[in-house]
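Student: Quick one: structure below, then a few questions.
The values are calculated or read from the model by the stated rules, or taken from the named source; none is laboratory data. Source: prediction; values computed, not measured. With ideal geometry, Cβ positions are generated from the backbone for all residues, glycine too; neighbour counts draw on all protein chains shown. Each accessible area value is taken on the protein alone, full model and side chains, heavy atoms only, with ligands, DNA and RNA left out. Shrake-Rupley method; radii C 1.70, N 1.55, O 1.52, S 1.80 Å.
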Amino acid sequence: MTRAAETSGSLLCFDVDRVREDFPVLHQKIRDRDLVYLDNAATTQKPQTVIDAISRYYGQQNANIHRGVHYLSQEATFAYERARARIRLFLNAAANAEIIFVRGTTEGINLVAHSYGGSNLKENDEIVISHTEHHSNIIPWQLLCARTGAILRVVPVDDDGQFLLEEYAALLNDRTRIVAVAHASNALGTINPVREIARLAHDRGAVVVVDGAQGVPHLPVDVRDLDCDFYAFSGHKVFGPTGVGILYGRKSLIDAMPPYEGGGSMIKTVSFEETTYADLPAKFEAGTPHIAGGIALESAIDYVTALGPERIAAYETTLLEYAIDLLSEIDGLRLIGAAPKRDRIGDRVGVISFVMEAAHPHDIGTILDTEGVAVRAGHHCAQPAMARFGVPATVRASLAFYNTHEEIDALAAGLRKVNEVFGG
Ligand code: PMP
């Protein structure tokens, strides 16, 4: 079957109008216009099932987990642990013990940098990242370098924002200990070749950390197929709550790693002389977690699974293709990274970064806002990526499966208005 046939086949039952009914926030006027929400890379909207799960927890189930003998505590513990098991299946991890609840991608990566990095790296060891990483996948490694004397190496990207595998292979050496890359870039949408990156890293004995913040919302993710050692993502970017996320860690590695934070829940025994730590994953989950968040994250994952990650990716690709065609026709608009080549569209998620001759990205964002169109303008927490493309900032329209072709039309109309207002 051709890719196009596969796509249209998998789209046969994708009813975007029906999907939109599940997202109450989408049905409102902003400045007297229908809201067009195209800031999904920053955070996604929540389906009613996720909102209900939070409300149900606080309304009927609220109790602290893992320690109460009473009914409510046991119910809440059951729901929280069921969420963990559900997320394990979603990622195809080998065991529930490999699923660690964290606050989000940022905390997941910091946990690996502190715990794995702090106990395995020494002076002159090397950490490899790419040029287009989010600050969350740069600064934890810089801090680790400052603590250990390790050295940060950066893989360049080409003018389309594509990860340069040959340059990467040439950077790897026997001192490389950690390779940390985004599954997909939040600034450009480029999907990195994680499987190949992992294979080459493992050949050198390095571990692979994947920043999955923009992977999970748009792509099917199978951590065993990717063969990564760590994979972090944020609940709020995958239609779940803020303040909760997941770090997947390969059991053989996380078993040997020291705790990241100390406190309640992460111990077996405590005395002033000696403390012993709980088994996985509790060893990495000190203190009371975001219980409602974990439970509602299960609802979000159920929602995405019911739609089907492959169908989501296929539908978003049609939107992306449409958007690129439309935006390419606008005077003075320059797409940044991931050039609009047909054969490259399957290589990126629904993120479109651009600049316009007529106006600064912030002014463009403001004009679009008056039209009810929500986009992001700025450096997207990826200043080195902006520097690579010689711009201080871009406008970023980022898609989700509830966006429509009509909304892309509204974006394009807003951008034509920018040209009218600023005389471009
Ligand atoms: N990495 C990427 C690629 C992201 O897009 C983001 C969020 N913009 C993060 C990391 C950080 O995610 P969070 O703020 O949810 O921890």
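Student: Checking the condition within 24 Å of residue 250 (Cβ to Cβ) and surrounded by 17 or more Cβ atoms within 10 Å (Cβ to Cβ), which residue from 150, 169 passes? Don't jump to the end; show me each part of the working.
Tutor: On the way: 169 fails: surrounded by 17 or more Cβ atoms within 10 Å (Cβ to Cβ).
Criteria check complete, one pass: 150.
Student: Right, next: Go through 56, 18 for me and flag whichever is assigned to a helix (DSSP H, G or I), outside the structural domain of residue 266 (by TED's automatic domain parsing) and at pLDDT 90 or above.
Tutor: Just a single option satisfies the conditions, and that option is 18.
Student: What number of residues in the stretch 131-150 are in a helix (DSSP H, G or I), more than 10 Å from residue 113 (Cβ to Cβ) and within 13 Å of the ligand (Cβ to nearest atom)?
Tutor: Number of matching residues: 2.
Student: Do you know which residues across the stretch 31-49 are open to solvent by less than 50 Å² (accessible area, probe 1.4 Å) and more than 16 Å from the ligand (Cβ to nearest atom)?
Tutor: Keep residues of the stretch 31-49 that are open to solvent by less than 50 Å² (accessible area, probe 1.4 Å), which gives 35-47.
Of everything in the stretch 31-49, those that are open to solvent by less than 50 Å² (accessible area, probe 1.4 Å) and more than 16 Å from the ligand (Cβ to nearest atom) turn out to be 35, 36, 47.
Student: I would also like to ask the following. Which one is farthest from residue 86 (Cα to Cα) among residues in the stretch 265-301 that are more than 27 Å from the chain's Cα centre (by Cα) and in contact (Cβ under 8 Å) with a residue 60 or more places away in the chain?
Tutor: 265
Student: Another question, if that's okay. So which residues in the stretch 349-377 are within 14 Å of the ligand (Cβ to nearest atom) and either open to solvent by 50 Å² or more (accessible area, probe 1.4 Å) or over 15 Å from residue 40 (Cα atoms) (or both)?
Tutor: Within the stretch 349-377, just 376 meets the criteria.
Student: Additional query: Restricting the search to the stretch 236-252, which residues are more than 8 Å from the ligand (Cβ to nearest atom) and open to solvent by less than 30 Å² (accessible area, probe 1.4 Å)?
Tutor: Within the stretch 236-252, the first condition is being more than 8 Å from the ligand (Cβ to nearest atom), and the residues that meet it are 238-241, 243-244, 246-252.
Once the filter is applied, which keeps residues that are more than 8 Å from the ligand (Cβ to nearest atom) and open to solvent by less than 30 Å² (accessible area, probe 1.4 Å), the stretch 236-252 yields 238, 239, 240, 241, 244, 246, 247, 248, 249.
Student: So for the stretch 213-221 (the condition being over 24 Å from residue 381 (Cβ atoms), open to solvent by 10 Å² or more (accessible area, probe 1.4 Å) and in contact (Cβ under 8 Å) with a residue 40 or more places away in the chain), does at least one residue qualify?
Tutor: Yes, some residue in the stretch 213-221 is over 24 Å from residue 381 (Cβ atoms), open to solvent by 10 Å² or more (accessible area, probe 1.4 Å) and in contact (Cβ under 8 Å) with a residue 40 or more places away in the chain.
Student: Quick check on the stretch 167-186: of everything there that is out of contact with any strand residue (DSSP E or B) (no Cβ under 6 Å at 6 or more places or on another chain) and in contact (Cβ under 8 Å) with a residue 24 or more places away in the chain, which residue is farthest from the ligand (Cβ to nearest atom)?
Tutor: 174
Student: Is it fair to say residue 229 is open to solvent by 50 Å² or more (accessible area, probe 1.4 Å), touching a residue at least 24 places away in the same chain (Cβ under 8 Å) and more than 24 Å from residue 393 (Cα to Cα)?
Tutor: The answer is no for residue 229.
Student: Just the residues that are modelled with pLDDT of 95 or more, basic (Lys, Arg) and over 14 Å from residue 159 (Cα atoms), please, taken from the stretch 334-393.
Tutor: Result: 376, single match.
Student: Quick one: which of 96, 110 is in contact (Cβ under 8 Å) with a residue 12 or more places away in the chain, open to solvent by 10 Å² or more (accessible area, probe 1.4 Å) and away from the ligand (no atom under 16 Å from the Cβ)?
Tutor: Step by step, each of 96, 110 is checked, and only 96 is in contact (Cβ under 8 Å) with a residue 12 or more places away in the chain, open to solvent by 10 Å² or more (accessible area, probe 1.4 Å) and away from the ligand (no atom under 16 Å from the Cβ).
Student: Among (1) open to solvent by less than 10 Å² (accessible area, probe 1.4 Å); (2) in a strand (DSSP E or B); (3) more than 13 Å from the ligand (Cβ to nearest atom), which single condition is residue 198 missing?
Tutor: Of (1) open to solvent by less than 10 Å² (accessible area, probe 1.4 Å); (2) in a strand (DSSP E or B); (3) more than 13 Å from the ligand (Cβ to nearest atom), only one is false for residue 198: (2).
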